[in-house]
There are 2 protein chains.
Amino acid sequence: MSAGNGSLGLIAGGGELPRAVAMAARAAGRDVFVVPLVGSVTEDWIENFPHEWLTPGEPGRIIKALKGAGVGEVLMAGKVDRPKFSELKLDAKGMLLLPKAVAAAKKGDDALLRFIVGICEDAGLTAISVAQAAPALVADEGTLGKVAPHAEHRADIERAFKIVHALGALDVGQAAVVCDGLPLAVEAAEGTDAMLLRIPLLRESLRGTAEKKRGVLAKALKPLQDAKTDMPVVGVQTVKNAAAVFLAGIAVEAGAALILDKAAVAAEADRLGLFVFGAKP
Amino acid sequence: MSAGNGSLGLIAGGGELPRAVAMAARAAGRDVFVVPLVGSVTEDWIENFPHEWLTPGEPGRIIKALKGAGVGEVLMAGKVDRPKFSELKLDAKGMLLLPKAVAAAKKGDDALLRFIVGICEDAGLTAISVAQAAPALVADEGTLGKVAPHAEHRADIERAFKIVHALGALDVGQAAVVCDGLPLAVEAAEGTDAMLLRIPLLRESLRGTAEKKRGVLAKALKPLQDAKTDMPVVGVQTVKNAAAVFLAGIAVEAGAALILDKAAVAAEADRLGLFVFGAKP
């Protein structure tokens, strides 16, 4: 974080996270150089930062670009579509590392991210976490916005975290929904958004309705996950999605989740009457 | 099971299970008297057994009918739609017990079943499990049918049971799908069939396809569940459903799940090329 570490290098995939990280780091007074990954990034926020478009098959050029920009610390954030290796633009280092990259990609997107970060570390750059690069994004303890969880919500939050921790220890998923003590949905490979979409399909007595919001979405880091690449993220869209399936609120663990951006999330939660709560970890 | 226990009384809800229990008990030489619950049973197999139609609101009449038929042991099986208590036909005992029944029904269908079984026990009848009434239905160890799980399937089975046991200990669900080490889906309130339906929505690299079956459905008893009312059940339809979402097979725990009926399930599994496997518990 000190000036001695030079610019922050951000290898950016898609979604809201990379932009939020870049903005937060810049707001904290840091120079940011972005390597948006071709095929994964479609957002135009990139234009506001010095950047160079490259592919996941060009680790040599990625490292050269980062070092050329005076980067000392590097961070990877955002969603990376698993590349079609047969169509991927490769540099010399990419060709050399291709077999390992293919093997990593087969294990999942997380493994591919960790692989690219690992290459940067081998080249002498320091990999840091989103929490280190943009501490303003890290969830605080307590209520964000004006709506606070009631006692029964607190019981659901506690139960949901127990479930998510048990699942996380088995590397299953990082989210669950609990309503009045009953686990309504548990995340596996489908992802949080798809998980939420099945809540309204449950019978009405088990869940909330447009008239009466019920149930809590809890998200937590898997114990096996690398906080450098994979903290759970709550954004304005998460609040909208939770409200659309009639949940009463969202809970994360303080210090172990990211909120993008806090003011906008609080405003949306207030508007929709949901709580967003940072539980004591 | 001895003649000294008199007829078997079967309080029957909907679905395949009650018929399978009645047939298996009769095949084992036992007289069976059925109380099909009005509103829950639509199947016509009832006509093959002495029976009396009653509602969940008539516990007094249920006990009278069972005792009049010489029933000593009683069993409840099948799905019971939560009754609309305001429209329910009630006998005197039903009116007396209504507040407790409503409270039980609010906790879920299982609680309502256990409540009705409890009333029978209070009246001096002995509640027995499906496994006791129809041991032929209980899953055996090993492969049912001709298709056996490969080594990689065995690893997925083991992983899936670990997940289901962890979830079961938290009273979440009783089923999970694992494919090549990756948990694809975990059951909560939606039920096994709904859980299976989301497998084909996952991206193709993670799951089986029409050309290549992959992944295992595992079902296990929750440690908190009462084996008298709630063993996991695999039937011909379960095999069809698993095949429809391109799974390689189904695993249950030997001695702790029911197969309805084994010959038909084996034939369907063979026809569709799936394994049905009883794991050592």
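Each value in this text was obtained by applying a stated rule to the coordinates, not by laboratory testing. The structure presented is a predicted model; accordingly, all values stated were derived computationally and were not measured. A quick note on method: Cβ atoms are made from the backbone with ideal geometry, for glycine too, and the neighbour counts reach across all protein chains shown.
Summary table below
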read-out: Nonlocal amide H pairs with B:ALA185, under 5 Å, H built at 1.01 Å; value: A:ALA189, B:VAL177
read-out: Of all DSSP beta bridges in region A:10-80, antiparallel share, percent nearest 5; value: 10 percent
read-out: Sparse-neighbourhood loop sites, trypsin sites (Lys or Arg not before Pro) in region A:143-202 - DSSP loop, at most 14 other Cβ within 10 angstrom; value: A:LYS146
read-out: As computed over region A:144-195, the Cα convex hull volume per residue (Å³); value: 85 Å³
read-out: Calculated log₁₀ intensity ratio I(q)/I(0) where the Debye formula runs over C-alpha points of the protein assembly as shown, q = 0.09, 0.10, 0.12 Å⁻¹; value: -0.77, -0.90, -1.15
read-out: Nm distances between copies for B:ALA244, ranked from closest, using label points 7 Å along Cα→Cβ; value: 2.6
read-out: ³J(HN,Hα) computed for each position of region A:61-69 - Karplus, 6.51 cos²θ - 1.76 cosθ + 1.60, integer Hz, glycine/proline x; value: 5, 4, 5, 4, 4, 5, 5, x, 8
read-out: Nm distances between copies for A:GLU204, ranked from closest, using label points 7 Å along Cα→Cβ; value: 4.1
read-out: 3J(HN,Hα) from dihedral phi, region A:209-218, Karplus parametrisation 6.51/-1.76/1.60, rounded to Hz, x for glycine, proline; value: 9, 4, 7, 9, 6, 8, x, 10, 8, 10
read-out: Label-point separation in nm, B:THR126 to B:MET95, each point 7 Å along Cα→Cβ; value: 3.5 nm
read-out: DSSP bridge pairs, the protein assembly as shown: antiparallel proportion in percent, nearest 5; value: 35 percent
read-out: When the convex hull of its Cα atoms is projected in every direction, mean area for chain B (nm²); value: 14.8 nm²
read-out: Full-stretch length increase - B:ALA27, B:LYS64 - with 0.36 nm per residue and alpha-carbon distance subtracted; value: 10.7 nm
read-out: Folded to 0 to 90 degrees: helix A:262-272 orientation relative to chain A principal axis, Cα; value: 30 degrees
read-out: Inter-copy spacing of B:THR42 label points, which lie 7 Å from Cα along Cα→Cβ, given in nm from shortest upward; value: 4.3
read-out: Partner chain coverage, peptide B:167-175 - average Cβ within 10 angstrom; value: 4
read-out: Under 5 Å, built H, 5+ apart or other chain: amide partners of A:VAL32; value: A:LEU8
read-out: Region B:1-53 and region A:149-168: distance between their alpha carbon centers, rounded to Å; value: 41 Å
